[in-house]
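> Here it is, the structure, as structure tokens.
The values are calculated or read from the model by the stated rules, or taken from the named source; none is laboratory data. Just so it is clear, the structure is predicted and the values come from calculations on it, not from any experiment. Don't worry about glycine lacking a Cβ; one is built from the backbone with ideal geometry, like all the others, and counts go over all protein chains shown.
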């Protein structure tokens, strides 16, 4: 039976250190705690890395964080040759904050791109220096420069970013909230987490379980590095940090 882990990052994406107690070690050596600030790989965003600190100050390096049988079962995957903690042992969790913060900024940038390019999403992958979002676009309206300018207008607007929840019924009544063409958010729990951008969600609102910054200005300077044609109607946009290179 899968374990249920309290996902602290859902309420506070800026929580980089937390306490947790070991409740299980799976057959692959994965460590399951009663609660965690480590984000598990999902929705195109990689899971966190970092370390678990034991009472004596020694560390267990964490190479990846993944979901188990359900999204609520979060498994910390140790790097090779790490010590194994005891069931019931209390640990202090430390995520690699520099890496996480880059991923938060990039994930937010992906949301902004879906505002500038309001087309059905066919795929996405969040990275530390570059992310990609794939859209179903028969005819592209715009180029790298104009889309980059649209992104930076949203960044410089420094719009607030926050989460709220709606019911399964609310989502069913507002299908336009779901931007993905092929993947639907999980339902059945009674509530859906929305990530909202702008006062009263004036810029955007969509279901998402990932981590994001709290203001668009935190994203920093970004640009579209490349637009690729992937099939007859699929376009892949690559978002990169920093200014666009001089032509």
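> Residue check: is residue 80 more than 16 Å from residue 213 (Cβ to Cβ), surrounded by 18 or more Cβ atoms within 10 Å (Cβ to Cβ) and in the same structural domain as residue 50 (by TED's automatic domain parsing)?
Numbers: more than 16 Å from residue 213 (Cβ to Cβ): yes; surrounded by 18 or more Cβ atoms within 10 Å (Cβ to Cβ): no; in the same structural domain as residue 50 (by TED's automatic domain parsing): yes.
No; evaluated as a whole, the condition is false for this residue.
> Another question, then. Let me spell it out: the conditions are (1) modelled with pLDDT under 95; (2) surrounded by 16 or more Cβ atoms within 10 Å (Cβ to Cβ); (3) within 28 Å of residue 179 (Cβ to Cβ), and residue 11 meets all of them except one. Which number is the exception?
Single failed check for residue 11: (2).
> Just checking, does region 232-241 include any residue being closer than 16 Å to residue 115 by Cα, in contact (Cβ under 8 Å) with a residue 40 or more places away in the chain and touching a helix residue (DSSP H, G or I) at 6+ places or on another chain (Cβ under 9 Å)?
Applying the first criterion (closer than 16 Å to residue 115 by Cα) to region 232-241 yields 235-239.
Applying the additional criterion that residues be in contact (Cβ under 8 Å) with a residue 40 or more places away in the chain yields 235-239.
Subset that is touching a helix residue (DSSP H, G or I) at 6+ places or on another chain (Cβ under 9 Å): 237, 239.
For region 232-241, residues closer than 16 Å to residue 115 by Cα, in contact (Cβ under 8 Å) with a residue 40 or more places away in the chain and touching a helix residue (DSSP H, G or I) at 6+ places or on another chain (Cβ under 9 Å): present.
> Please specify each residue of region 215-230 satisfying the condition of being within 21 Å of residue 160 (Cα to Cα), crowded, with 18+ Cβ neighbours inside 10 Å and in contact with a strand residue (DSSP E or B) (Cβ under 7 Å, 6 or more places away or on another chain).
216, 222, 223
> I'd like the full set of residues that are assigned to a strand (DSSP E or B), at pLDDT 95 or above and farther than 21 Å from residue 90 by Cα, limited to region 14-44. Walk me through it before giving the result.
First, pick out the residues of region 14-44 that are assigned to a strand (DSSP E or B): 17-25, 31-33, 35-36, 42.
Cutting the leftovers down to at pLDDT 95 or above gives us 17-25, 31-33, 35-36.
The answer is none; no residue qualifies.
> Within region 84-94, does at least one residue satisfy the condition of being at pLDDT below 95 and part of a strand (DSSP E or B)?
no
> Right, next: Within region 166-185, count every residue that is assigned to a loop (DSSP other than H, G, I, E, B), out of contact with any helix residue (DSSP H, G or I) (no Cβ under 8 Å at 6 or more places or on another chain) and modelled with pLDDT under 85.
Filtering region 166-185 for residues assigned to a loop (DSSP other than H, G, I, E, B) gives 167, 174, 178-179, 181-185.
Those still in the list that are out of contact with any helix residue (DSSP H, G or I) (no Cβ under 8 Å at 6 or more places or on another chain) too: 167, 174, 181-184.
Applying the additional criterion that residues be modelled with pLDDT under 85 yields 181-184.
Residues meeting the conditions: 4.
> Could you tell me how many of the residues in region 112-135 are touching a residue at least 40 places away in the same chain (Cβ under 8 Å), part of a helix (DSSP H, G or I) and in contact with a helix residue (DSSP H, G or I) (Cβ under 9 Å, 6 or more places away or on another chain)?
Count: 3.
> Still on this model: Does residue 188 qualify as being at pLDDT below 90, under 23 Å from residue 44 (Cα atoms) and part of a helix (DSSP H, G or I)? Give the steps one after another, and end with the answer.
Numbers: at pLDDT below 90: yes; under 23 Å from residue 44 (Cα atoms): yes; part of a helix (DSSP H, G or I): no.
Against the criterion (at pLDDT below 90, under 23 Å from residue 44 (Cα atoms) and part of a helix (DSSP H, G or I)), residue 188 does not qualify.
> Same structure, new question: Any residue in region 54-64 that is assigned to a loop (DSSP other than H, G, I, E, B), under 21 Å from residue 161 (Cα atoms) and at pLDDT 95 or above?
Initially, region 54-64 is screened for residues assigned to a loop (DSSP other than H, G, I, E, B), giving 54-58.
Then drop every residue that is not under 21 Å from residue 161 (Cα atoms), which leaves none.
No, that holds for no residue.
> Turning to a different aspect of this structure: Examine region 28-38 for a residue that is over 22 Å from the mean Cα position of the chain (by Cα) and over 19 Å from residue 210 (Cα atoms), and state whether such a residue exists. Let's see the steps before the verdict.
We begin by selecting, within region 28-38, every residue over 22 Å from the mean Cα position of the chain (by Cα); these are 28-29.
Going one step further and asking which of them are over 19 Å from residue 210 (Cα atoms), we end up with 28-29.
Yes - at least one qualifying residue is present in region 28-38.
> Let me ask something additional. Hey, residue 72 hits all of (1) more than 17 Å from the chain's Cα centre (by Cα); (2) surrounded by fewer than 16 Cβ atoms within 10 Å (Cβ to Cβ) but one; which does it fall short on?
(1)
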